[in-house]
Amino acid sequence: MGTKLTLIKKTTTLICLVAFLLLIAAGLATAKDVTDDLRIPGEGITQIIKLKDGTTLTGKVTQISETDIKFRTSMGELTVTIADIKEISEVKSSSFKGGEYWFPNPNQTRLYIAPTARMLEAGSGYFADADLFFPSFAYGLTDFLTIGGGVTLFPGVDFDKQILYISPKIGVSAGEKYNLAVSGTWISIPDYTDELFSDDDEEENLDLGMVFGVGTYGSENNTITLGLGWGFVEGGGSSEAVIIIGGEFRISRRMSFVTENWKMPDLDQPLGSYGVRFLGEKLSVDLAFFTPLGEDAIFPGFPFVGFVYNF
């Protein structure tokens, strides 16, 4: 069992490293020929052109020739040489608020720890890290199936004594604003007793986890998530559900307020959290606090820091 578990941990770590290297490779990769993306858009579509000199133009292509294009912006129509274009993309015109482009929320599939019912698109994924010692990854195998996992990186602890976790998720869209998903987390925690108190090298691991049913309602930028989870330990399940209530509310182009709250059967007081999520087009950073909700509440709470880099 110990050898198999170590192999699984090494494989999971390797996947995390490969995902990280893919992010670097994607950033260094040469962009495809922009002529493939040049077109006159339909109604409700706005185009964003990034030039090689760093300039960004927002508007619509109105005419295309062999060497240049006509591009209509709020300041008038411009002639842009195709050879000067680094990248062109299309977004919904409704993504502009007050004349400013609100890029898509890059971290819709999770709150701080718990999942939402939103899914990664096929071929997309992310590398994440929470409180430095909890790296993880997730990848969309299809639009309906995501696989994720990670291995802890506690300093001074042998690799075969690190905690392994794997988290698959299956989800569907139940309407324009509704999403439903089932997510599970399997965790293998090594037994440290032998290492600390005896010379017995026999290794036993505690296997535990939780299965969630999750529903998310709202727009891309403002959501409420409700989850019910049932825990299991060594094959035995709990009859009482864990309740998760959370949400994300985008308050500006680059910031959201996020809250995640747990009601667990064995705890007298719920565990709550609050904080902000700083948003970039690929990167998001969470700064939050967790605290019991009740007479044992601590202000501001226990700090939580995490980031997610999407690819």
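Tell me, which residue of the range 243-280 that is among the β-branched types (V, I, T) and crowded, with 20+ Cβ neighbours inside 10 Å is nearest to the chain's Cα centre (by Cα)? Walk me through how you get there before you give the answer.
Of all residues in the range 243-280, those among the β-branched types (V, I, T) come to 243-245, 251, 258-259, 276.
Okay, now just the ones that are also crowded, with 20+ Cβ neighbours inside 10 Å, so 244, 258.
On the way: I244: 18, V258: 13 Å.
Looking at residues that are among the β-branched types (V, I, T) and crowded, with 20+ Cβ neighbours inside 10 Å, I get V258.
Name every residue in the range 132-156 that is among the β-branched types (V, I, T) and in contact with a strand residue (DSSP E or B) (Cβ under 9 Å, 6 or more places away or on another chain), in order of residue number.
Here is the first cut: in the range 132-156, the ones among the β-branched types (V, I, T) are 142, 146-147, 151-152.
Selection gives T146, I147, V151, T152.
May I ask you to list the residues in the range 202-237 that are part of a loop (DSSP other than H, G, I, E, B), over 23 Å from the mean Cα position of the chain (by Cα) and either surrounded by fewer than 16 Cβ atoms within 10 Å (Cβ to Cβ) or among the β-branched types (V, I, T) (or both)?
Residues of the range 202-237 that are part of a loop (DSSP other than H, G, I, E, B), as a first pass: 202-204, 219-221, 234-235.
Next, from what is left, pick out any that are over 23 Å from the mean Cα position of the chain (by Cα): 202-204, 234-235.
Once the filter is applied, which keeps residues that are part of a loop (DSSP other than H, G, I, E, B), over 23 Å from the mean Cα position of the chain (by Cα) and either surrounded by fewer than 16 Cβ atoms within 10 Å (Cβ to Cβ) or among the β-branched types (V, I, T) (or both), the range 202-237 yields E202, E204, E234, G235.
Among the listed residues D200, D296, D207, D268, which satisfies the condition of being touching a helix residue (DSSP H, G or I) at 6+ places or on another chain (Cβ under 6 Å), over 27 Å from P106 (Cα atoms) and modelled with pLDDT under 95? If you could, list the steps in order and put the result at the bottom.
Values: D296 fails: touching a helix residue (DSSP H, G or I) at 6+ places or on another chain (Cβ under 6 Å); D207 fails: touching a helix residue (DSSP H, G or I) at 6+ places or on another chain (Cβ under 6 Å); D268 fails: touching a helix residue (DSSP H, G or I) at 6+ places or on another chain (Cβ under 6 Å).
Result of the check over D200, D296, D207, D268: D200.
Looking at K97, is it outside the structural domain of E248 (by TED's automatic domain parsing) and in contact (Cβ under 8 Å) with a residue 60 or more places away in the chain? Let's see the steps before the verdict.
On the way: outside the structural domain of E248 (by TED's automatic domain parsing): yes; in contact (Cβ under 8 Å) with a residue 60 or more places away in the chain: yes.
The answer is yes for K97.
Looking only at residues in the range 122-181 that are without any contact (Cβ under 8 Å) to a residue 60 or more places away in the chain and polar (S, T, N, Q), which one is surrounded by the most Cβ atoms within 10 Å (Cβ to Cβ)?
Ranking the candidates gives T146 first.
Hey, can you tell me all the residues within the range 220-241 that are in contact with a strand residue (DSSP E or B) (Cβ under 7 Å, 6 or more places away or on another chain) and of a type in the set (S, T, N, Q)?
Within the range 220-241, N221, N222, T223, T225, S238 meet the criteria.
Okay, residues lined up against (1) touching a helix residue (DSSP H, G or I) at 6+ places or on another chain (Cβ under 8 Å); (2) modelled with pLDDT under 95:
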site	(1), (2)
N179	no, no
V182	no, no
P190	yes, yes
T193	no, yes
E220	no, yes
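For the structure I just gave you, tell me whether V157 is assigned to a strand (DSSP E or B), assigned by TED's automatic domain parsing to the domain that holds S219 and either under 16 Å from T225 (Cβ atoms) or more than 14 Å from the chain's Cα centre (by Cα) (or both).
On the way: assigned to a strand (DSSP E or B): no; assigned by TED's automatic domain parsing to the domain that holds S219: yes; either under 16 Å from T225 (Cβ atoms) or more than 14 Å from the chain's Cα centre (by Cα) (or both): yes.
So V157 fails the test.
Just give me the residues in the range 281-311 being in contact (Cβ under 8 Å) with a residue 60 or more places away in the chain, surrounded by 14 or more Cβ atoms within 10 Å (Cβ to Cβ) and either outside any strand (DSSP E or B) or charged (D, E, K, R) (or both), in sequence order.
K282, D286, F311
Tell me, which residue of the range 55-96 that is more than 28 Å from the chain's Cα centre (by Cα), small (G, A, S) and within 26 Å of S252 (Cβ to Cβ) is surrounded by the fewest Cβ atoms within 10 Å (Cβ to Cβ)? Give the steps one after another, and end with the answer.
Step one: list which residues in the range 55-96 are more than 28 Å from the chain's Cα centre (by Cα), which gives 55, 57, 59-85.
The next check asks that each one be small (G, A, S); those that pass are 59, 65, 74, 76, 83.
Checking the rest, the ones that are also within 26 Å of S252 (Cβ to Cβ) come to 59, 74.
Details: G59: 18, S74: 7.
If we take residues in the range 55-96 being more than 28 Å from the chain's Cα centre (by Cα), small (G, A, S) and within 26 Å of S252 (Cβ to Cβ), then S74 is surrounded by the fewest Cβ atoms within 10 Å (Cβ to Cβ).
Against the condition without any contact (Cβ under 8 Å) to a residue 12 or more places away in the chain, touching a Ser or Thr at 6+ places or on another chain (Cβ under 9 Å) and not assigned by TED's automatic domain parsing to the domain that holds R254, how does K70 come out, does it pass? Give the steps one after another, and end with the answer.
Values: without any contact (Cβ under 8 Å) to a residue 12 or more places away in the chain: yes; touching a Ser or Thr at 6+ places or on another chain (Cβ under 9 Å): yes; not assigned by TED's automatic domain parsing to the domain that holds R254: yes.
Answer is yes for this residue.
Across the range 157-171, what is the total count of residues that are out of contact with any strand residue (DSSP E or B) (no Cβ under 6 Å at 6 or more places or on another chain) and modelled with pLDDT of 90 or more? I'd like the intermediate steps shown before the answer.
So the first thing to find is which residues in the range 157-171 are out of contact with any strand residue (DSSP E or B) (no Cβ under 6 Å at 6 or more places or on another chain), and the list is 157-160.
With the extra rule that they be modelled with pLDDT of 90 or more, the set shrinks to none.
The total comes to 0.
The values are calculated or read from the model by the stated rules, or taken from the named source; none is laboratory data. Remember, it's a predicted structure, so these values are computed and weren't measured experimentally. Note: ideal-geometry Cβ built from the backbone for every residue, glycine included; neighbour counts use all protein chains shown.
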